[in-house]
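Accompanying notes for the structure given below.
Any read-out appearing in this document is the output of simple, stated calculations on the displayed coordinates, not a laboratory observation. Just so it is clear, the structure is predicted and the values come from calculations on it, not from any experiment. So basically every Cβ, Gly included, is an ideal-geometry build from the backbone, and we count neighbours across all protein chains shown.
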Amino acid sequence: MVDLKKQLPEVFNDFAESRQNAFLKVKEIKDKDIPVIGIFCTFFPQELAVAAGATCVSLCATSDETIQDAERDLPKNLCPLIKSSYGFALTDKCPFFYFSDLVVGETTCDGKKKMYEYLGEFKPVHVMELPNKNTEQGLILWKEEIRKMIKTIEDLFGVEITDEKLRHGIEVKNAERSAIKDFYSIMKADDLPITGGELWHVLNGVQFDFDKEQIPQMLEELKAKVMSEHKHISGKPRILITGCPIGGATEKVIEAVENNGAVVVSYENCGGAKAIDENVDVDNPDMIDAIARKYMNIGCACVSPNENRLKLLDKLIDEYKVDGVIDMHLQACTPYQVEGLAIKRFCNDKKNVPYIAVETDYSKSDIGQLNTRIGAFIEML
């Protein structure tokens, strides 16, 4: 847990280092015989893990450290997130993967689907079959996949996920999502209290706080501290970042925005609004159905057509008074790259907001190019 008694710069620095600091925490969790589930995607219903008394850890790697190792087995022209994640598992350099009792994958993209087959050589892997269409038929499939996931967890860990425990899991995750959403809503103000980089450190860092039940209180206290030490950032172009998962090496995109005189006010990406904008409906008596509907509504580019991404962007652009949209594509991420045209048309034609797509990877070689392109885009606003 981050120490909020520190000065705000130190607090944000602690959030930035949350992933690294969590390495020791996950070992402590293992020492207590608490099951650890490694996940790659926001489509995994973490309510199931809470209900089982397990801990979730994110296995998505954001560094180029092990990509060369991964390329001995995987194609070079593959998404860096996939290569990096596989590389850390292959080289045993990721404590989260090392301590995971179960790895959960999902059929979001072809590269990840095939990569999970190889991960199965190191750890037990359960792959959830994600429907490609947000339809009633897709919902039926997804509900069955959730039931299969529950059975796998119960069988592997020797637990029973009762209705009462599942309801508790829903309550915990709903409270966490609501608290995160409430915190990042401070960026709706004309006079901003923090930078977009600081906001991202909090959004990303919270993922590595394994005590989910204390997160709402912690974020409430942090929000009060932020508002009392207001930075008063105003008059700068307001940027929304959308597209592929961001974090680690790709934080260079955030830095390019804010080093060129703008401020990031909203993140639509997986670690931002996309995953937490909607809660599970607690009034739905069928909890499996309620969980399935919440996660089916995530607007990922692997879903076609992806109307929910446009609906969320529509809302975020208005609520956060966005001046420009930056669509970040990881190299070789076909779903997001192809969907870029639809996002460009939506931003330019429907919302009358300037749009730019930038392609990047986990290396540092394109930092200059990113600064040049993003700087020119911001100057145009």
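In the chain, how does Rg compare with the Kirkwood Rh, expressed as the Rg/Rh ratio over alpha carbon atoms?
Reported Rg/Rh (Cα atoms, Kirkwood Rh): 0.94.
Distance in nm between label sites at Leu139 and Ser304, each 7 Å beyond Cα in the beta-carbon direction?
Once both label points are built, they end up 2.3 nm from each other.
For Val264, enumerate residues with amide H under 5 Å from its amide H, sequence gap 5+ or separate chain, H modeled in the peptide plane.
Gly196, Gly197, Ile239
Is it possible to state the helix-based mean residue ellipticity at 222 nm for the chain, with each DSSP H run of 4+ residues giving -39500 (n - 2.57), the sum divided by total residues, to the nearest 500 deg cm²/dmol? What is it?
Using -39500 (n - 2.57) per qualifying helix, the result is -15500 deg cm²/dmol.
Can you classify segment 23-136 as rounded, prolate or oblate using the Cα gyration tensor, where a ≥ b ≥ c are the square roots of its eigenvalues, rounded means a/c under 1.5, and otherwise it's prolate if a/b beats b/c and oblate if not?
Oblate shape, in that a/c is at least 1.5 and b/c is the bigger or equal ratio.
Which residues among segment 135-170 fall inside the zone where the amide N is under 11 Å from a point 7 Å beyond the Cα of Asp283, along Cα→Cβ?
Counting backbone N atoms under 11 Å from the label point, the list is empty.
Any idea what the relative contact order of the chain is, in percent, if you count C-alpha pairs under 8 Å spaced at least 6 apart?
18 percent
Report the extension gain between Leu4 and Arg147 in nm, rounded to one decimal, defined as 0.36 nm multiplied by the number of residues separating them, less their alpha carbon distance.
On the way: separation 143, 0.36 × 143 = 51.48 nm, distance 3.95 nm.
This chain segment gains 47.5 nm when fully extended.
Distance from the Cα centre of segment 306-381 to that of segment 74-141, in angstrom?
Taking the Cα centre of segment 74-141 as reference, the centre of segment 306-381 is 26 Å away.
State the antiparallel share, in %, of DSSP beta bridges confined to the chain, rounding to the nearest 5.
Here the antiparallel bridges make up roughly 5 percent for the chain.
According to a simple spin-label model (label point 7 Å from Cα along Cα-to-Cβ), what is the distance in nm between Lys181 and Asn297?
Reported label-point gap for Asn297 and Lys181 is 0.8 nm.
Using a simple charge model, +1 on the beta-carbon of Lys and Arg, -1 on the beta-carbon of Asp and Glu, nothing else, what dipole does the chain show about its Cα centre, in debye to the nearest 20?
Here the chain has a charge dipole of around 640 debye.
Please go through segment 68-141 and write out the chymotrypsin sites (Phe, Trp or Tyr not before Pro) that DSSP classes as loop and that have at most 16 other C-beta atoms within 10 Å. Walk me through the numbers on the way to the answer.
Details: sites: Tyr86, Phe88, Phe96, Phe97, Tyr98, Phe99, Tyr116, Tyr118, Phe122; in loops: Phe122.
Those satisfying the criteria are Phe122.
Figure the gain on full extension for Glu319 and Leu24 (residue separation times 0.36 nm, minus the Cα-Cα span) and round it to one decimal in nm. Before the final figure, lay out each step's value.
Working: separation 295, 0.36 × 295 = 106.20 nm, distance 3.87 nm.
Full extension of this stretch gives 102.3 nm more.
On average, how much area does the Cα convex hull of segment 236-381 cover when viewed from any direction, in nm²? List each step's numbers first, then the result.
Numbers: hull surface 36.4 nm².
That works out to 9.1 nm², a quarter of the Cα hull's surface.
Take Asp190 and Lys311, extend 7 Å from each Cα along the Cα→Cβ direction, and tell me the distance between the two endpoints in nm.
Result for the modelled spin labels: 3.1 nm.
How large is the convex hull of the Cα atoms of segment 184-273 per residue, expressed in Å³ as a whole number? Each step should come with its number before you reach the end.
Working: hull volume 8.2 nm³, N = 90.
Each residue corresponds to 91 Å³ of Cα convex hull volume.
In straight Cα distance, which aspartates and glutamates are under 14 Å from Lys27, not counting same-chain residues fewer than 8 positions off?
Here the aspartates and glutamates satisfying the reach criterion relative to Lys27 are Asp101, Asp209.
Given N residues in segment 131-286, what is its alpha carbon radius of gyration divided by 2.2 N^0.38 Å?
1.24
Show me the three semi-axes of the equivalent ellipsoid for segment 273-358, from the C-alpha gyration tensor (sqrt of 5 times each eigenvalue), largest first, rounded to whole Å.
27, 16, 10
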